[in-house]
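Chemist: Here you go, one structure.
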Amino acid sequence: MNADKKEKPPPDPELQRRIQELIRYKGGGYNEAIVADIIENALKLLTDVADRGDVRVIQIANRELRYAFRLFAPYAHVRKVAVFGSARTAPHKPEYKQAVEFGRKIAAAGYMVITGAGPGIMQAAHEGAGSEMSFGANIRLPWEQNPNPVIREDAKLVTFKYFFTRKLIFIRHADAVVLFPGGFGTLDEGYEALTLMQTGKSQLMPLVLIDRPGGTYWKTWDRHVRDHLLRDELISPEDLNLYQITDNVDEAVRIITRFYRNFHSTRFVKDLFVIRLKHPPSDTALAALNEDFADIITGPPIQRIPPTPEEQEDRDHLELHRIAFGFNRRDYGRLRQMIDVLNSL
């Protein structure tokens with residue numbers, strides 16, 4: 001049974017009092033009710049989980065995530081691009097030079113770069129962006145993964161023990177994902193980003209696959225996706241909208257910046273899907289959107305709305321315009337097409 005759906009036992013008043021006393025002792029702070037729940041669940045480990053190794057996973061994951069969120073918080077207002085690619089790519093390779101160029105041009109467009117902080121493509125992207133516009137999310141490995149010299153002494157470097165906490169930070173803080181040719185890790189990050197967007201577990205964002213000039217690494221991958229996943233109906237045709245392939249760095253930068261030309265972000269408020277925009281669509285554009293995307297609308301049609309009470313409570317981008325509708329929560333590839341239309345208005 002889902003843990004959230006289990007009937008909760010009645011609260012222990014004495015335990016609640018002591019937790020609140022502990023929070024007051026620490027001086028209080030953000031999200032006290034949520035922190036109180038975390039403390040209460042941590043205490044349940046005393047009786048629920050006997051294996052020391054399992055408890056260590058929880059302990060270290062909590063510590064890593066807390067530190068990483070604190071590290072990224074001052075830069076929340078700056079959009080960021082997560083860049084992945086092989087740690088083994090040498091500086092003389094065309095892909096390395098492309099990654100340097102991409103880092104330089106995306107930083108000039110106002111975006112920060114997040115990489116795994118290692119050598120190869122990761123170092124190249126940092127070299128292009130410069131340390132001021134770079135984050136490093138390093139992973140402790142028994143070989144090859146020491147922080148590159150660009151980010152090694154920078155305060156915007158965090159080192160993880162676990163891949164799953166590192167992946168969460170990448171996707172949580174990225175506004176776009178760029179993949180250069182790489183090995184298992186690069187493909188893993190690409191599939192993870194695709195899966196999270198396809199299932200609505202992350203914000204939709206540009207996912208750009210960059211081949212070397214005239215290269216076929218991602219074209220071959222795309223052919224496999226079409227010949228096996230799509231042909232065998234393991235994915236939907238619209239899922240192909242979730243990524244784009246190019247061998248041109250300037251085009252990669254354009255894909256990312258155009259995505260945010262009008263679109264800002266999305267949020268579910270109960271059963272209402274809210275899209276935040278810089279400019280509102282006209283009545284004519286709304287009518288066309290309702291007609292062209294009727295297949296993904298369940299419930300209220302696409303309409304302009306003011307900030308919802310929930311957004312007002314969270315002070316969630318209240319300055320932006322909004323449209324909202326009943327989204328079927330399934331066809332995110334089609335939703336990606338709608339965002340393209342909104343950006344063209």
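The values are calculated or read from the model by the stated rules, or taken from the named source; none is laboratory data. Note that the coordinates shown come from a computational prediction; the quantities given were computed from them, not determined experimentally. Quick reminder, even Gly has a Cβ in these numbers, built from the backbone with ideal geometry, and neighbours come from all protein chains shown.
Chemist: What single numbered condition from (1) in the same structural domain as G103 (by TED's automatic domain parsing); (2) touching a helix residue (DSSP H, G or I) at 6+ places or on another chain (Cβ under 8 Å) fails to hold for D295?
Modeler: (1)
Chemist: Here is a follow-up. Output yes when any residue across the stretch 77-88 is farther than 30 Å from L204 by Cα and not polar (S, T, N, Q), and no when none is.
Modeler: no
Chemist: Follow-up question, since we're still on this one. List pairs: first in the stretch 306-322 and of a type in the set (A, V, I, L, M), second surrounded by 12 or more Cβ atoms within 10 Å (Cβ to Cβ) and in a loop (DSSP other than H, G, I, E, B), Cβ under 8 Å, 6+ apart or cross-chain?
Modeler: That search, which allows pairs on different chains as well, returns L318/P307; L320/K278.
Chemist: How many residues are over 20 Å from the mean Cα position of the chain (by Cα) and more than 19 Å from T257 (Cα to Cα) if we restrict to the stretch 119-142?
Modeler: Adding up the residues that qualify gives 11.
Chemist: Given the conditions (1) over 30 Å from D211 (Cβ atoms); (2) surrounded by fewer than 19 Cβ atoms within 10 Å (Cβ to Cβ), and given that I302 satisfies all but one, which numbered condition is not satisfied?
Modeler: Going through (1) over 30 Å from D211 (Cβ atoms); (2) surrounded by fewer than 19 Cβ atoms within 10 Å (Cβ to Cβ) one by one, I302 breaks only (2).
Chemist: Next question. For the stretch 258-282: of the residues being over 16 Å from M197 (Cα atoms) and hydroxyl-bearing (S, T, Y), which is surrounded by the most Cβ atoms within 10 Å (Cβ to Cβ)?
Modeler: Selected residue: Y260.
Chemist: Here is a follow-up. Quick check on this structure: which one of G200, G215, G182 is among the small types (G, A, S) and closer than 19 Å to Y332 by Cα?
Modeler: Every option except G200 fails the conditions.
Chemist: Looking only at the stretch 76-96, count every residue that is free of Cβ contacts under 8 Å to residues at least 60 places away in the same chain, of a type outside the set (A, V, I, L, M) and either surrounded by fewer than 17 Cβ atoms within 10 Å (Cβ to Cβ) or not assigned by TED's automatic domain parsing to the domain that holds R254 (or both) and tell me the total.
Modeler: Qualifying residue count for the region: 3.
Chemist: Within the stretch 34-63, track down each residue that is exposed (fewer than 11 other Cβ atoms within 10 Å of the Cβ) and charged (D, E, K, R).
Modeler: Within the stretch 34-63, K44, D48, D51, R52 qualify.
Chemist: Among N290, N262, which is the only one that is more than 25 Å from the chain's Cα centre (by Cα) and under 22 Å from T308 (Cα atoms)?
Modeler: Going through N290, N262 in turn, just one is more than 25 Å from the chain's Cα centre (by Cα) and under 22 Å from T308 (Cα atoms): N290.
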